[in-house]
Amino acid sequence: MRRLSWFNTVSLTLGFAFLYIPMIILVIYSFNESKLVTVWAGFSTRWYGELMQNEAFLNAAWVTLKVAVFSSSIATVLGTMAAYVLVRGGRFFGRTLFSGMIYAPLVMPEVITGLSLLLLFIGIGLDRGVLTIVLAHTTFSMCYVSVVVSSRLVTFDRSLEEAALDLGCSQAEAFRLVTLPIIAPAVISGWLLAFTLSLDDLVIASFTSGPSATTLPIKIFSAVRLGVSPEINALSTILIGIVTVGVITASLVSKRRSLRLQSEERAAERAQ
Amino acid sequence: MRRFLLIAVPYLWLLALFLVPFFIVLKISLSDTALMRPPYLPQFDWATGIRAFVKDLDFENFWFLTTDALYWKAYLSSLRIALISTVLTLLAGYPIAYAMARAPEEWRPTLMMLIILPFWTSFLIRVYAWMGILSNEGFLNQFLLWTGIISEPLTILNTSTAVYIGIVYTYLPFMVLPIYAALERMDESLNEAAEDLGCSRLSAFWLVTVPLSRNGIIAGSFLVFIPALGEFVIPSLLGGSGTLMIGKVLWEEFFSNRDWPVASAVAVVLLLILIVPIVLFQRNQQKQAEADQ
């Protein structure tokens, strides 16, 4: 086994320390008894209790979850369609415009996307609320989904689909029985990406939400603008915990799957 | 018919919710300030037709942007902050990417996961975490006072320094991943060959490794620079009144001053500034894709 040089060890240590220490400090201070966030006054779960009593945060969390589930699901369908069109669609009228519109939202500053969507919703007289946030989030996250899915579509062997068609599948059957299972991992990670982007979004949600529906990031932002608060530390710790468990589980599942695939391949080789 | 539907549904969605809104911003930026206070007039009056529509356009708002020094300063300082923080992110990110690519193969997936994990964590929370660290009574000052490096707390929060730290911190994965991808593909025997031919380790690094990771460096720099330019969350949480960034100005113009036409004009100019780096980025991506094939 190769060993790391001292330089590489130092850069990895410093790099990961830089990435993780701020979050670790945040987590530790969320268990601080004191209301003064910078003074340690003993271990307590007091702020978690107060958070659970805070109706405004709980409501906002519920709205955020609803928006994320709906927008990421619609975005996954639309994004997968868009990716399929881009990779397999061949030529059609306005193809350049279409691919431009897929990539542009990825680099567009959020303030501009948010502003333009708000002006549209006001222009057509749509009341701002859960629906408008879902529409906005679907629009930008479908672009991320389509990028993820199309990178998978590009690399897989097209002859598999053709074989299915030769064997009597219809186009739709070939897609459902062959293409979809092969691109499924990309579709799932596209959904997860869209879901996280939607949970995370502050700027676009601020423009497109109305008084009737506020999301969690908007609530957090207006609270932390005034300074650090122990309740927000507790809330952040919960969110960091959920993400960590989720990502570690996902990576373990994918690792087990690739190990299983490897052992199956080896078994197949031995059988020959 | 099915093919038509497959194309039409995402196409129409993007037309209606991406392209049309953008034209609305353009139109409002060219409208009379007095007319466009909410609730504003319809976008396009079919009765008077296109000629009246064109006649109504005026450049007053763009003119206004040039008369007030605030906007100039904000654009310039956004450019400067985005540029400097891109360089800082590159300096911080390159050694990490390099070390990851040189790590034993069985560690690499774990290292990758550790780099990506912060990306899945809320952006807002990651910026917020620094507020507690950088404040006057914060963790960093306490630590430095304790070690005796400084005798009085430093003011870091609400300065540009805090904004740089925030941008480097939140965008670091965007820099590390493309550079890592470029370095990982590199054949290490090239370096050994350079050393055999008399290069020192350092000059082999400069003459072989860095040029071969060029595409990763370019992609990473754009991925940091482009979003940093329009950044809103980081300057409003970590920066003070002294750090002007155009994303923040746009936000305040819209939500505090409620001057929609000026906010739209600010957005249009920001987009014009961004078009150059975006086009360069796409060219680079295309070249890279062609090189891969």
Scan the stretch B:142-160 for residues that are over 31 Å from the mean Cα position of the chain (by Cα) and among the hydroxyl-bearing types (Ser, Thr, Tyr) and report the count. 2
Specify the residue that is farthest from residue A:36 (Cα to Cα); the eligible residues are those in the stretch B:127-141 that are outside any loop (DSSP other than H, G, I, E, B), at the interface with chain A (Cβ under 7 Å from one of its Cβ atoms) and free of Cβ contacts under 8 Å to residues at least 60 places away in the same chain. B:129
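Would you pick out the residues in the stretch A:198-215 that are part of a helix (DSSP H, G or I) and within 16 Å of residue A:132 (Cα to Cα)? Step through it out loud before you land on a result.
As a first pass, look at the stretch A:198-215 and keep what is part of a helix (DSSP H, G or I): A:198-200, A:203-208.
If the condition is that a residue be part of a helix (DSSP H, G or I) and within 16 Å of residue A:132 (Cα to Cα), then A:198, A:199, A:203, A:204, A:205, A:206, A:207, A:208 are the ones that fit.
Quick grid of which residues meet (1) closer than 19 Å to residue B:121 by Cα; (2) facing another protein chain (nearest Cβ under 10 Å):
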residue	(1), (2)
A:194	yes, no
A:200	yes, yes
A:204	yes, no
A:210	no, no
A:216	yes, yes
A:223	yes, yes
A:226	no, no
A:232	yes, yes
Looking at the stretch B:230-253, can you tell me whether even one residue there is within 13 Å of another protein chain (Cβ to nearest Cβ) and without any contact (Cβ under 8 Å) to a residue 12 or more places away in the chain? yes
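May I ask you to verify whether residue A:126 is among the hydrophobic types (A, V, I, L, M, F, W, C), out of contact with any strand residue (DSSP E or B) (no Cβ under 8 Å at 6 or more places or on another chain) and more than 9 Å from chain B (Cβ to nearest Cβ)?
Details: among the hydrophobic types (A, V, I, L, M, F, W, C): yes; out of contact with any strand residue (DSSP E or B) (no Cβ under 8 Å at 6 or more places or on another chain): yes; more than 9 Å from chain B (Cβ to nearest Cβ): yes.
Here the answer is yes, as residue A:126 does meet what is asked.
Rundown of residues vs (1) in a helix (DSSP H, G or I); (2) within 26 Å of residue A:222 (Cβ to Cβ); (3) not acidic (Asp, Glu), yes/no style:
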residue	(1), (2), (3)
A:4	no, no, yes
A:18	yes, no, yes
A:28	yes, yes, yes
A:48	yes, yes, yes
A:52	yes, yes, yes
A:64	yes, yes, yes
A:72	yes, yes, yes
A:84	yes, no, yes
A:98	yes, no, yes
If you take the residues in the stretch A:1-18 that are at the interface with chain B (Cβ under 7 Å from one of its Cβ atoms) and touching a Lys or Arg at 6+ places or on another chain (Cβ under 9 Å), which one is nearest to residue B:100 (Cα to Cα)? A:8
Failed criterion for residue A:222 (all others in (1) within 24 Å of residue B:254 (Cα to Cα); (2) in contact (Cβ under 8 Å) with a residue 24 or more places away in the chain; (3) in a helix (DSSP H, G or I) hold): (2)
Flag if residue A:41 is on the phi < 0 side of the Ramachandran plot, in contact with a Ser or Thr (Cβ under 8 Å, 6 or more places away or on another chain) and without any contact (Cβ under 8 Å) to a residue 12 or more places away in the chain: yes
Regarding the stretch A:246-261, can at least one residue be identified that is within 9 Å of chain B (Cβ to nearest Cβ) and within 17 Å of residue B:123 (Cβ to Cβ)? yes
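Bear in mind these aren't lab numbers, they're just calculated from the coordinates by the rules spelled out. These numbers were taken from a predicted model, which means no experiment stands behind them. So basically every Cβ, Gly included, is an ideal-geometry build from the backbone, and we count neighbours across all protein chains shown.
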